[in-house]
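Please treat every number below as a calculation from the coordinates, not as lab data. Just so we're clear, the structure is a prediction, and the values are computed from it rather than from any experiment. Note: ideal-geometry Cβ built from the backbone for every residue, glycine included; neighbour counts use all protein chains shown.
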Amino acid sequence: MAKSLATHVSYYTLANVLVTLAGVVSFPILTRLLSVEEYGVMNLVATALAILVGVAKLGVGNAALRFYSEVKAGKHGVDMNGYASTVIFGMGATGLAVTVVWAGAALLVPAAWWNDDRVGPLMSFTSLLVLVRVLDSALLNQMRAQEDSREITYYSVIRRYFGLAVLLGTLFFISRDLWGFFVATVLAEALATAGLALWLTRHVTVRPRLYSAPLFKAMLAFGIPMAGYELASQVLSMGDRYVIQRVLGAQPLGTYAAAYNLCDYVRAIFLASFTAAVLPMYARIWEEQGRDATVAFLESFLRNYVLVAVLLVAGLSAIGGEVLAFLASEKYRAGEVVVPYVIAGMSMDGLVMVAGAGLYVEKRSKTIMCLVAITAVLNIVLNVAWVARWGIVGSAVATLVSYAVLLALSMWVGRRRLPLRLPVGALAKFGAIGVLAYGAASTIHLNHDLTTMIARSLTVAGLYAGLALALDQGARSTVSDLHRRALAALR
């Protein structure tokens, strides 16, 4: 299992690195072509889309992952062609319904509510992306369930760079504004999803007559609470944008959004691959080997995740201001104050579906939804209370506190089925090393942002790696195992 996890993580990491690299390329271009206010409006539209897609999927994307092993084992009386047809046509219908409703509703909302005349028409036009992204999720989750990490890597990279080419071509040669951005986005994503559908249907038969109503009903029973979970997750991660817009205005929102997006790029490269690989794996281990094997696998995973996550938080906290100024321009440097809180919160979020795995394997989707909804409400309440007092820092701290509460609740409630032990000792040890490395790096101030950034990065990485290897046997074992696997792969 360790070898399989390493293989999948390597593929997902490669995809995330290459995809995020495209984001890093577009990041400084967008922050320079668009004003801070336009960047804020762009993020408002993106936030609405994320929430709508979560609603439109009705949680069936998560159900597709959870039900795959059961369908393959013959528990639902449907073959894999029926499974694929049910997921695609079922999710396509719900995505289309939400697209049509939102396209009209966005134009009926008074412009004063948006606090910007451009928002309503942009919201209506980009409703097309709801259907496109729902179908994309229907296809990709089937591939994830099959653990096709290599194919997912190819598709993700091709899709992202094709989209980048269309976007930059549109912005530089056709329309250098928000409309150009979103028209290019709709076109590129629609073509990429159509290409994926054509490729996938070469290996599986998808027909309306193969659609299974009983299977889709079972998926909905699991998935509808998960749709609430996805909606609450989007509110938890993005709802603060509307509070900042309302209380502080578009410019602070643009500053906050740029810093948040930077953290998300880093999370996608270094942490997202772990979560993408581990979810289908522990679902399979649970079905095939039972509780004890699942607990052992997840506890090993948690320790390695903490080792990587603490280094990530310490490193980005030390160079956040320099990276923002270098990539996005000096006008976004003020966002550095939120970076430590946001990246720490994102790191905790990556552990939720692992630490609370007992809820997932038991299909307790209603409980998962309630926990996320509680913390989403908490996040909005804390934002309302703290943004007016502390500005964007208040929002970032609210994010950190909310994710910490969600992680604790998920682990506590899920422990009845899978009593995982959080590696408290490792967390304390690596946390202390991370604080020490961050403190040492923060004292470095050179003549240029780039040289400062490089020097601080090397300092954090060197100190953290050296002390972790010197003080922790588990870290030495992990590095030794990776070294053996690398040598074996080279042979």
Each residue of the stretch 58-64 in order: what ³J(HN,Hα) in whole Hz does its phi give by Karplus 6.51 cos²θ - 1.76 cosθ + 1.60, θ = phi - 60°, with x for Gly and Pro? 6, x, 5, x, 5, 5, 4
Within straight-line cross-link reach of Lys366, lysines at Cα separation under 17 Å, skipping those fewer than 8 residues along the same chain: Lys57, Lys217
Rounded Å value of the spacing that divides the Cα centres of the stretch 99-158 and the stretch 250-292: 19 Å
Taking the Cβ of Arg415 as the center, what net charge do the other residues with Cβ under 14 Å away carry, scoring Lys and Arg +1 and Asp and Glu -1? +3
Once the Cβ-Cβ distance between Val424 and Glu287 is put in as r, and R0 is 25 Å, what FRET efficiency do you end up with, to the nearest 0.05? 0.25
What value, in deg cm²/dmol to 500, does the helix sum -39500 (n - 2.57) over DSSP H runs of n ≥ 4 give at 222 nm once divided by the residues of the chain? -28500 deg cm²/dmol
Can you list the aspartates and glutamates whose alpha carbon is less than 16 Å from that of Lys429, not counting same-chain residues fewer than 8 positions off? Asp472
Given labels modelled 7 Å from the Cα in the Cβ direction, how far is it in nm from Arg415 to Ala97? 4.0 nm
Segments 228-241, 373-386, 443-456 sorted - mean Cβ within 10 Å per residue, highest first: 228-241, 373-386, 443-456
Can you spot the aspartates and glutamates whose alpha carbon is less than 17 Å from Lys331's alpha carbon? Ignore those fewer than 8 places along the same chain. Glu37, Glu38, Glu322, Asp449
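Residue separation times 0.36 nm, minus the C-alpha to C-alpha distance between Arg484 and Leu168: what's the value?
Values: separation 316, 0.36 × 316 = 113.76 nm, distance 4.24 nm.
That pair, Arg484 and Leu168, stretches by 109.5 nm at full extension.
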Using 0.36 nm per residue of separation minus the Cα-Cα distance, give me the extension gain between Trp179 and Trp390 in nm, one decimal. 72.6 nm
Sort 104-111, 426-433, 123-130 for me by packing, meaning the mean count of neighbouring Cβ atoms within 10 Å per residue, highest on top. 123-130, 426-433, 104-111
What spacing in nm lies between the two simple spin-label points modelled at Thr205 and Ala404, each 7 Å away from Cα in the Cβ direction? 5.6 nm
Please grab the % of Cα pairs in the chain that end up more than 38 Å from each other. 24 percent
Over the alpha-carbon set of the stretch 272-390, work out the extent along each principal axis and list the three values in angstrom, largest first. 54, 30, 18
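In terms of the Cα gyration tensor, with a ≥ b ≥ c the square roots of its eigenvalues, is the stretch 371-491 rounded because a/c is under 1.5, prolate because a/b exceeds b/c, or oblate? The partial results should precede the final answer.
Details: a/c = 2.54, a/b = 1.22, b/c = 2.08.
Cα axes put the stretch 371-491 in the oblate bin.
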Counting only other residues whose beta carbon sits under 14 Å from that of Tyr39, what net charge do I get with K and R as +1, D and E as -1? +1
Sorted largest first, extent of the stretch 107-258 alpha carbons per principal axis (Å): 49, 41, 29
R0 of 25 Å, Cβ-Cβ distance Arg246-Leu21: FRET efficiency to nearest 0.05: 0.15
Quick check on the stretch 45-93: take the gyration tensor over C-alpha atoms, sort the square-rooted eigenvalues as a ≥ b ≥ c, and tell me if it's rounded (a/c under 1.5), prolate or oblate. prolate
Sorted largest first, the C-alpha extents of the stretch 107-179 along its principal axes in whole angstrom are 47, 30, 15
